[in-house]
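The values are calculated or read from the model by the stated rules, or taken from the named source; none is laboratory data. Nothing here was measured: the structure is a model prediction, and the numbers come from that model. Here Cβ is always computed from backbone atoms with ideal geometry, including for glycine, and neighbour counts include all displayed protein chains. Remember, those area values only see protein heavy atoms, side chains included, never the ligands or the DNA or RNA. Shrake-Rupley method; radii C 1.70, N 1.55, O 1.52, S 1.80 Å.
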Amino acid sequence: MGEVAAAPRKKVSFRQYLTHLTEPVQRMNPITVQILGICSALAVTVKLKPALFMAGAVLFVLVFSNFLISLLRNTIPHRIRMIVELVVISFFVILVDEVLRAFAYDVSKQLSVFVGLIITNCIIMGRLEAFAMGNKPLPSILDGIGNALGYGIILIMIAVVRELLGSGTLLGWQVIPASWYELGYINNGLMVLPPSALLVLGTIVWLHRAWNKQLIDVS
Amino acid sequence: MEWLNIVIRTTFLENMVLAYFLGMCSYLAISRQISAAFGLGLAVIFVETLTVPLNWVLKKYFLDPGALAWLHPAFAQVDVSFLTFLVYIATIASAVQLVEMVVERFFPALYNALGIFLPLITVNCAILGASLFMNERDYTFGESVAFGFGAGLGFFLAIVLLASIRYKIRYSHVVAPLRGLGIAFILTALLGIAFLSFAGIQL
């Protein structure tokens, strides 16, 4: 269905499509540049596993709601578009929540309210408003994938740092060898506490902007 | 006393912003100006104190398994709890719209102060988050009012604090790549660590 609707009347090059996918991962990253979707992201990064599930859930919701809104974009009355968008997002979030509860109950318990909070995740609302309302379905799908990947990468980076330094494990496997602990190595207790997520994210923003000089805040 | 305890705990200990990172987007975007931060904070207190008890009523008489029994005994088997997210967000969206209209009509001064922030609040994660926490924790009605107020107060406190600190460091020499967003994250982390020292307070 996507192929039919997206058949371009103007010739759009493959490279242009590809930029929808690559831009949000790096130069226009939703978290570090657009400041979107930080809300529900940081609390699930103590361990890598919930972070992976969260990234997957956002990928699913963002891609499908972007696609659906893009299909409906010419029929939605302008005044009630927010409500329509919220209903579409809630529909996909409910799907994700029910699936998680049925097949990954322990992860669903760990994520607790944060699955529901995908509804108010600003990335999804922001992409629907800024992109899907004005673009064809295929670019919208790619834009959804790109933004969800940009979000997921940051989430996974934070989770790796926090789980490795905070618990010495990755996905539950012991990574720091036991002999280190005998030599006096101790896990960093701060990394398990909520504020460390912001410290790690702040550092990522710093590195990202030091690398990409044009992103530096001049104000 | 139980209620006061909930207010204090949700304001300082389980602060919406500093412990759960809810409402981060507007928290970072609006904290550039103290007056704007103050307005948004007040609006959040107002809306949360309203929507959390409202959603509690909906949960009790509509969403819980068998909650529809008051309508007709035949509905006692019905479980519509899968609609939770949809009902909560719809309540919040319509409550915000309603509050906006009422305030505009009867309290023009307040409307001018809060006006532009009210629509923003619908997609503020702190609002939906408070309702979802209420959903998870089985509060009574009175406790849900206290929880909503405390959650709003916590957001208000955090955003005014950050705005004040950002105002103070205007002329400080921050490393260029860290300016703006980066330093705001670090400041929030330090605030969070400071708030951790409230741990263990019980009334």
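State all residues of region A:65-82 that are more than 14 Å from chain B (Cβ to nearest Cβ) and open to solvent by 50 Å² or more (accessible area, probe 1.4 Å); if no residue qualifies, say none. A:L68, A:L71, A:L72, A:R73, A:N74, A:T75, A:P77, A:H78, listed by residue number. Against the conditions (1) assigned to a helix (DSSP H, G or I); (2) out of contact with any helix residue (DSSP H, G or I) (no Cβ under 8 Å at 6 or more places or on another chain); (3) without any contact (Cβ under 8 Å) to a residue 60 or more places away in the chain, A:G126 satisfies every one except (3). Of the helices (runs of 4 or more DSSP H) lying entirely inside region B:86-203, those containing at least 1 residues that are farther than 30 Å from A:D97 by Cβ and without any contact (Cβ under 8 Å) to a residue 40 or more places away in the chain are B:108-114, B:141-168, B:181-196. Residue count for region A:28-55, restricted to those that are over 14 Å from the mean Cα position of the chain (by Cα) and either free of Cβ contacts under 8 Å to residues at least 12 places away in the same chain or within 15 Å of B:L181 (Cβ to Cβ) (or both): 0. If you go through region A:179-196 and keep only what is over 16 Å from B:S197 (Cα atoms) and hydroxyl-bearing (S, T, Y), you end up with A:S179, A:Y181, A:Y185. For region A:101-122, name all the residues that are open to solvent by 10 Å² or more (accessible area, probe 1.4 Å), more than 20 Å from A:L68 (Cα to Cα) and at the interface with chain B (Cβ under 9 Å from one of its Cβ atoms). Matches in region A:101-122: A:S112, A:F114.
Matching residues to (1) over 24 Å from A:P195 (Cβ atoms); (2) acidic (D, E); (3) at pLDDT below 85:
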| residue | (1), (2), (3) |
| --- | --- |
| B:L22 | no, no, yes |
| B:C25 | no, no, yes |
| B:A36 | yes, no, yes |
| B:L50 | yes, no, no |
| B:K59 | yes, no, no |
| B:P65 | yes, no, yes |
| B:V78 | yes, no, yes |
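Filtered by the rule that a residue be aliphatic (A, V, I, L, M), surrounded by fewer than 21 Cβ atoms within 10 Å (Cβ to Cβ) and out of contact with any helix residue (DSSP H, G or I) (no Cβ under 6 Å at 6 or more places or on another chain), region B:121-160 gives a lone residue, B:L157.
Of the set (1) more than 26 Å from A:E85 (Cβ to Cβ); (2) open to solvent by less than 20 Å² (accessible area, probe 1.4 Å); (3) among the aliphatic types (A, V, I, L, M), all apply to B:A69 but (2).
Checking each residue in region B:13-48 for being assigned to a helix (DSSP H, G or I) and within 14 Å of chain A (Cβ to nearest Cβ) picks out B:L13, B:M24, B:C25, B:S26, B:Y27, B:L28, B:A29, B:I30, B:V44, B:V47, B:E48. Within region A:151-178, the residues that satisfy the criterion of being open to solvent by less than 60 Å² (accessible area, probe 1.4 Å) and of a type in the set (S, T, N, Q) are A:S167, A:T169. Report whether or not B:I45 is among the aliphatic types (A, V, I, L, M) and modelled with pLDDT of 85 or more. Spelling it out, B:I45 is indeed among the aliphatic types (A, V, I, L, M) and modelled with pLDDT of 85 or more.
Residue-wise test of (1) of a type outside the set (D, E, K, R); (2) more than 14 Å from chain A (Cβ to nearest Cβ); (3) over 30 Å from A:K213 (Cβ atoms).
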{"residue": "B:E104", "(1), (2), (3)": "no, yes, yes"}
{"residue": "B:T122", "(1), (2), (3)": "yes, no, yes"}
{"residue": "B:I159", "(1), (2), (3)": "yes, no, yes"}
{"residue": "B:L162", "(1), (2), (3)": "yes, no, no"}
{"residue": "B:R179", "(1), (2), (3)": "no, no, no"}
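Residues of region A:185-207 that are open to solvent by less than 30 Å² (accessible area, probe 1.4 Å) and more than 8 Å from chain B (Cβ to nearest Cβ): A:M191, A:V200, A:I204. Looking across region A:124-133, not a single residue is at the interface with chain B (Cβ under 9 Å from one of its Cβ atoms) and buried (at least 24 other Cβ atoms within 10 Å of the Cβ). Every condition in (1) charged (D, E, K, R); (2) in contact with a helix residue (DSSP H, G or I) (Cβ under 6 Å, 6 or more places away or on another chain); (3) open to solvent by 40 Å² or more (accessible area, probe 1.4 Å) is met by A:E98 except one, and the failing one is (2).
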